[in-house]
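Undergrad: My questions will all concern the structure given below.
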Amino acid sequence: MATYIVLLGPPGVGKGTQAKILSETKKLAHISSGDLFRENLKNQTELGKTAKSFMDKGELVPDDVTIAMIKDRLSRPDCATGAILDGFPRTPAQADALEAMLKEFKGSVSAVPFISAAENILIERASGRWTCKAQGHIYHEKFSPPKQAGVCDFDGSEIYQRDDDKVETVAKRIRVYLEQTMPLVDHYRKAGKLIEIDGSQSVEQVTKALFDALVQQT
Ligand code: AP5
Ligand code: MG
């Protein structure tokens with residue numbers, strides 16, 4: 001049976017950082033809705049232009065657009081054995097759509113690690129983040145800087161700061177998360193799939209907590 005792991009948590013908590021590690025170790029595709037929107041934006045697609053107007057304001061892209069994009073991504077061959085979902089679902093309607101999609105693929109959500117941390121930590125992490133242009137490798141100017149300033153350690157591409165990582169936009173994204181995404185915590189807790197992880201620890205400690213918990217659930 002395929003393994004679908006949903007990473008839930010507020011902006012900046014470390015979902016992308018952990019998703020990369022998990023996908024490499026577990027040999028599962030990493031699907032980040034935010035990365036897919038940013039890729040569309042880079043390629044100047046209609047989807048990218050639509051998404052940008054919402055992302056710049058720190059708001060969620062409408063459900064129908066987001067669900068269609070993820071359905072298309074999940075139906076590709078590299079997801080046949082499962083995937084790590086990072087940033088999707090983010091609303092109850094997206095969670096229902098995910099269940100329906102996975103049913104079509106004869107699967108279901110296996111586990112939902114919920115990584116959380118206090119707001120001051122989220123703002124410090126997001127506002128110090130640098131991302132690689134080529135493949136989205138993630139750095140932090142204080143906690144995990146690249147070996148050479150401005151250059152990705154893995155592929156040598158330029159690293160940049162996301163437009164939506166300005167302090168006021170991060171604060172808005174946190175509010176949107178509390179209003180629209182927090183209901184999913186209860187939803188997955190009731191389904192017996194939620195795994196609570198303390199995201200305020202170091203990257204290595206969070207990874208260890210995640211792996212220890214997933215061994216028991218998947
Ligand atoms: P998205 O790109 O998904 O952003 P997000 O959920 O707000 O989360 P982030 O990517 O900001 O944080 P992260 O948890 O991945 O943290 P990271 O690992 O990078 O979404 C962006 C926008 O797209 C949304 O606002 C919305 O408009 C739209 N969108 C996306 N999905 C959508 C959906 N499903 N529906 C509708 N709209 C959607 O880490 C952050 C920093 O902290 C890095 O610098 C990292 O190096 C550092 N760090 C990580 N872990 C640690 C640690 N343990 N200790 C110290 N530093 C750490
Ligand atoms: Mg991310």
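Undergrad: Being surrounded by 13 or more Cβ atoms within 10 Å (Cβ to Cβ) and among the polar types (S, T, N, Q) is the filter; apply it to the range 46-75 and report the residue that is farthest from Tyr160 (Cα to Cα).
TA: Within the range 46-75, the match that is farthest from Tyr160 (Cα to Cα) is Thr66.
Undergrad: Pairs please, first residue from the range 141-165 and open to solvent by less than 70 Å² (accessible area, probe 1.4 Å) and modelled with pLDDT of 95 or more, second anywhere and hydroxyl-bearing (Ser, Thr, Tyr) and assigned to a loop (DSSP other than H, G, I, E, B), Cβ atoms under 9 Å, 6+ apart in sequence or on different chains.
TA: Pairs found: Val151/Ser157.
Undergrad: Given the condition part of a helix (DSSP H, G or I), farther than 20 Å from Gly136 by Cβ and of a type in the set (D, E, K, R), answer yes or no: does some residue in the range 56-69 qualify?
TA: From the range 56-69, those part of a helix (DSSP H, G or I) are 63-69; that's our starting set.
Adding the requirement that they be farther than 20 Å from Gly136 by Cβ leaves 63-65, 67-68.
Next cut, of a type in the set (D, E, K, R) only: 63-64.
Scanning the range 56-69 turns up at least one residue that is part of a helix (DSSP H, G or I), farther than 20 Å from Gly136 by Cβ and of a type in the set (D, E, K, R).
Undergrad: Here's a follow-up. Answer yes or no as to whether Asn40 is surrounded by fewer than 16 Cβ atoms within 10 Å (Cβ to Cβ) and not in a strand (DSSP E or B).
TA: Numbers: surrounded by fewer than 16 Cβ atoms within 10 Å (Cβ to Cβ): no; not in a strand (DSSP E or B): yes.
Against the criterion (surrounded by fewer than 16 Cβ atoms within 10 Å (Cβ to Cβ) and not in a strand (DSSP E or B)), Asn40 does not qualify.
Undergrad: Leu74 fails exactly one of the following numbered conditions: (1) within 22 Å of Leu47 (Cα to Cα); (2) touching a Ser or Thr at 6+ places or on another chain (Cβ under 9 Å); (3) among the aliphatic types (A, V, I, L, M). What is the number of that condition?
TA: Of everything listed in (1) within 22 Å of Leu47 (Cα to Cα); (2) touching a Ser or Thr at 6+ places or on another chain (Cβ under 9 Å); (3) among the aliphatic types (A, V, I, L, M), Leu74 misses just condition (2).
Undergrad: Sticking with this structure for a sec: Quick one: in the range 18-33, of everything that is in contact with a Lys or Arg (Cβ under 9 Å, 6 or more places away or on another chain) and closer than 21 Å to Leu122 by Cα, which residue is farthest from ligand 1 (Cβ to nearest atom)?
TA: Kept after step one, since they are in contact with a Lys or Arg (Cβ under 9 Å, 6 or more places away or on another chain), are these residues of the range 18-33: 29-33.
Among the residues that remain, those that are also closer than 21 Å to Leu122 by Cα are: 32-33.
Details: Ser32: 6, Ser33: 3 Å.
Only one residue tops the list, namely Ser32.
Undergrad: Given Lys52, Lys57, which one is touching a helix residue (DSSP H, G or I) at 6+ places or on another chain (Cβ under 6 Å) and farther than 25 Å from Asp212 by Cα? Spell out how you get there, then give the answer.
TA: Values: Lys57 fails: touching a helix residue (DSSP H, G or I) at 6+ places or on another chain (Cβ under 6 Å).
Matching residue, one of Lys52, Lys57: Lys52.
Undergrad: Among what's in the range 188-199 and is more than 18 Å from the chain's Cα centre (by Cα) and assigned to a helix (DSSP H, G or I), pick the residue that is farthest from ligand 2 (Cβ to nearest atom). Can you show your working first?
TA: Here is the first cut: in the range 188-199, the ones more than 18 Å from the chain's Cα centre (by Cα) are 189-192.
In the following step, the residues that additionally are assigned to a helix (DSSP H, G or I) were identified as 189-190.
Values: Arg189: 23, Lys190: 26 Å.
Checked the range 188-199; the qualifying residue farthest from ligand 2 (Cβ to nearest atom) is Lys190.
The values are calculated or read from the model by the stated rules, or taken from the named source; none is laboratory data. Since the model is a prediction, treat every value here as computed from it, not as a measurement. A quick note on method: Cβ atoms are made from the backbone with ideal geometry, for glycine too, and the neighbour counts reach across all protein chains shown. Heavy atoms of the whole protein, side chains included, go into the accessibility calculation; ligands, DNA and RNA do not. Shrake-Rupley method; radii C 1.70, N 1.55, O 1.52, S 1.80 Å.
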